[in-house]
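Structure first, then comments.
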Amino acid sequence: MKIVVAVDSYKGSADAYDIAEYIEKGILKTAPDTEVIKLPIADGGEGTVAILNKTIGGQLRRKVVTGPSCRPVEGVYAILPDGTAVIEIASASGLMHVSPDRLNPLTATSYGTGELIRHAINDGCRNFLIGVGGSATNDGGAGLVQALGVSLLDCDGNELESGGGALNKLVHIDTKRMDSRIKDCRFIIASDISNPLCGSTGASYVFGPQKGATQKMVEILDGNLSHYINVVENFLHKEIRNVPGAGAGGGTSASLIGFCDAVIESGIDTILNAIGFESHINDADLVVTGEGQMDLQSLAGKAPIGVAKRVKAYKDIPVVAIVGSVAANIVIETLYNNGIDSLVSAVNRVMPLSEAMEKSGELVTNAAEQMMNLIKIGMRI
């Protein structure tokens, strides 16, 4: 039997490489003769750079840049063999750089991500793949374009301060000092969401709270983003705010679309294409996928659903998802209607989240073992 394990990370618990190892261990405990092909994946969020660099082969570059709180952080990007630079917003402007008690999307900036782009341009890169998951920002990508030389000015001609809280002060845009090499670059945004920039399904309302925004702050941020994009659209003569996915990365996608002519592609499809997914599942008997939590966002195109749909479009191979948990607001049948044939929860009893995260290796291994036991029973019936 050949089983392909294509899993995302369990955020806060283990990366995709570790999860794949745990699942393999569980499979082999019950079926030691099984051929297991491990394909750690990502969908444009954390892990995208590492997975593409390790799978395809490339060079990692580390640079000290401006973090989301305006303090120096080390950002990393990969240069693939074809010269493409792979950059994660999370690396320079991500939640990982801010302690939970200091999260503040009113002041958090995407400036460091723009600095990484500039470093990659200096390295000779002209093709960019930007993963926009995991940001701590809600500044609409204002900081990013400022790092690329765009001046965002208030009524007194002063540069806007950092963060989403200052966007309502934007009056004038000056691109005379924008890096001229941008026009020779091609930008692809790898995203797993289709949210617009503003409104009830936009960046601030949907993702602001996880970045530290109170309800009052969400309202301010949404209004500020609306003002910002009005000025940007009038300046560029381009419709941006309602582009599906413009709200990704705290709205950073909107500025990349506007100032860099970026296009949005499915994050998981981009990754699967890059690793030659179909060649690995061609003669597989089973595909195992998974992530930390299955929720409504999973249905919007995150890794497990992306894997399942890709498998079903290619060949009728069973797909099992091993997940940490399933959100209460998700209807299980919708997973089955999107290519998942069976769902296995790694958490096998009531326990605190902290315990589940601490024991993720043991729990995922046990879940994979139980999955294989059931498969063996089914083969005998």
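Kindly express, to the nearest 10 degrees and within the range 0 to 90, the angle between helix 215-236's C-alpha long axis and the longest C-alpha principal axis of the chain. Rounded to the nearest ten degrees, it is 60.
Think of it as helices only: each DSSP H run of n ≥ 4 in the chain is worth -39500 (n - 2.57), and spread over all residues that comes to -11000 deg cm²/dmol at 222 nm. Report, to the nearest 10°, how far helix 16-30 tilts away from the longest principal axis of the Cα atoms in the chain, using its own Cα long axis and a range of 0 to 90°. Helix 16-30 sits roughly 10 degrees off the main axis of the chain. A simple charge model with +1 on the Cβ of Lys and Arg, -1 on the Cβ of Asp and Glu and nothing else charged puts the dipole of the chain at about 240 debye relative to its Cα centre. Within the same chain, aspartates and glutamates fewer than 8 places from Lys2 are excluded, and of the rest, those with a Cα less than 12 Å from its Cα are Glu24, Asp33, Glu35, Asp283, Asp285.
Of all the C-alpha pairs in the chain, what % are more than 27 Å from each other? Of all Cα-Cα pairs in the chain, 48 percent lie more than 27 Å apart.
Structure shown: which of Lys11/Lys302; Lys25/Lys302; Lys38/Lys376; Lys63/Lys183; Lys25/Lys359 lie over 19 Å apart, alpha-carbon to alpha-carbon? In this structure, Lys25/Lys302; Lys38/Lys376; Lys63/Lys183 lie more than 19 Å apart at Cα. Largest mean-square fluctuation among Gly267, Gly165, Gly124, in a Gaussian network model of the chain whose springs join Cα atoms under 10 Å apart, belongs to Gly124. Relative protection proxy for 25-35, 132-142, 39-49, from highest mean packing down: 132-142, 39-49, 25-35 (other beta-carbon atoms within 10 angstrom). Sorting the segments 54-62, 346-354 by their residues' average number of neighbouring beta-carbon atoms within 10 angstrom, most packed first, yields 54-62, 346-354. From most to least packed by mean Cβ count within 10 Å, the peptides 241-253, 99-111, 221-233, 146-158 give 241-253, 221-233, 99-111, 146-158. Bridges between two residues of the chain, per DSSP, are antiparallel at a rate of about 35%. Each principal axis of the stretch 257-339 carries a Cα extent, and these read 42, 36, 20 Å when sorted largest first.
All of the numbers you see were taken from the coordinates with simple rules; none came from a lab. Given the structure is predicted, the values throughout are model-derived calculations rather than measurements. So basically every Cβ, Gly included, is an ideal-geometry build from the backbone, and we count neighbours across all protein chains shown.
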